[in-house]
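A.B. asks: My questions will all concern the structure given below.
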Amino acid sequence: MPVIDCIENLYQIYGAGLHKIRFDLKQQHNIEISHQSIENILLNSNYEFNYETRSYSGYYLFDSLWVKINGEWNYILALFDVKLNTLVSIKLVDSEDSKTIYQFLNESLRNQEKKSIGTDLKHEYREAIDKLKVKHHFCKFHVKQAINKRFKDYFDKNQLKEEEFEELIDLKKHIFKILDAENLNDAKNLRKRLFERKFPQNTFTIKIVDKFIIPYFQKLTNHLENKNMPSTNNKIENIFQKIFPKNIKRTMKIEQGLLSRFMLKLNYWNIKNEKEKNHTSF
């Protein structure tokens, strides 16, 4: 029906709210319709995943989107195929624990290639992917963000001598050089030099170097060994930002409304993505 199509298009393309949709229908089409009727149309939207291929590349990104339903935080788990540039699976859950994530990933990837999964640093993600026995790589952006925050917090809480401060700054720069290495051999050489460097030995530096950089070196550098693995989670995070910006994801009242809206926005993203893949530039 044209009215239903118009309402769905106004939402999925422009993210228009109920008042804006009602105003537009009256001004552009002289159609009177209540806010509740518009809401019901959005709630009854039944767009679902309908990809032509069900064989995925094996290279994935995983993340979760926090959403508030009737004042309670829930999570949309999402798995993204890096090579095909498409979402593989989504699921709304009320917990982000490692068991829930493992079950989601295991179900989503049943009978599929499983070469690698990229995530941020949450330990629940690490536990789930290790149990899945898939190669895991950390998002470089989130690693740098976490390291910067650790150093800033330490500097804010401790009065350091200038010499110690400079030594710690040098340590952070060296760690970032490892993260920014162009190939695995360079990263390994920088790690070796890290062992040889003299920097303040305390609880803070031990936690950064001995309990993170060294034991998780492979997860930090897997993307250097295989260029099919992206160094960041930017692609999946961009989808989240375009489909569900912060001003929307905090306002849902029921689960059905959240999923219907999410899928409508995802439908438009998929249409645009398909057009871009088929477009040839000269």
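The values are calculated or read from the model by the stated rules, or taken from the named source; none is laboratory data. Worth saying up front: this structure is predicted, and the values here are computed from it rather than measured. All Cβ positions, glycine included, derive from the backbone under ideal geometry; neighbour counts span all protein chains shown.
A.B. asks: Would you mind telling me which numbered condition in (1) among the charged types (D, E, K, R); (2) in contact with an Asp or Glu (Cβ under 8 Å, 6 or more places away or on another chain); (3) modelled with pLDDT of 95 or more Glu96 fails?
C.D. replies: Looking at each condition in turn, Glu96 falls short on (3).
A.B. asks: May I pose another question? Which of the residues that make up the range 127-150 are without any contact (Cβ under 8 Å) to a residue 60 or more places away in the chain, within 20 Å of Tyr75 (Cα to Cα) and not hydrophobic (A, V, I, L, M, F, W, C)?
C.D. replies: Glu127
A.B. asks: Sticking with this one: Of the residues Lys188, Lys211, Lys198, Lys207, only one is basic (Lys, Arg), assigned by TED's automatic domain parsing to the domain that holds Glu167, closer than 28 Å to Asp170 by Cα and modelled with pLDDT of 95 or more; which?
C.D. replies: Selected residue: Lys188, the only one of Lys188, Lys211, Lys198, Lys207 that is basic (Lys, Arg), assigned by TED's automatic domain parsing to the domain that holds Glu167, closer than 28 Å to Asp170 by Cα and modelled with pLDDT of 95 or more.
A.B. asks: Now for a separate question. Select, from Ile236, Ile175, the only residue that is part of a helix (DSSP H, G or I), buried (at least 16 other Cβ atoms within 10 Å of the Cβ) and in contact (Cβ under 8 Å) with a residue 40 or more places away in the chain.
C.D. replies: Of Ile236, Ile175, the one residue that is part of a helix (DSSP H, G or I), buried (at least 16 other Cβ atoms within 10 Å of the Cβ) and in contact (Cβ under 8 Å) with a residue 40 or more places away in the chain is Ile236.
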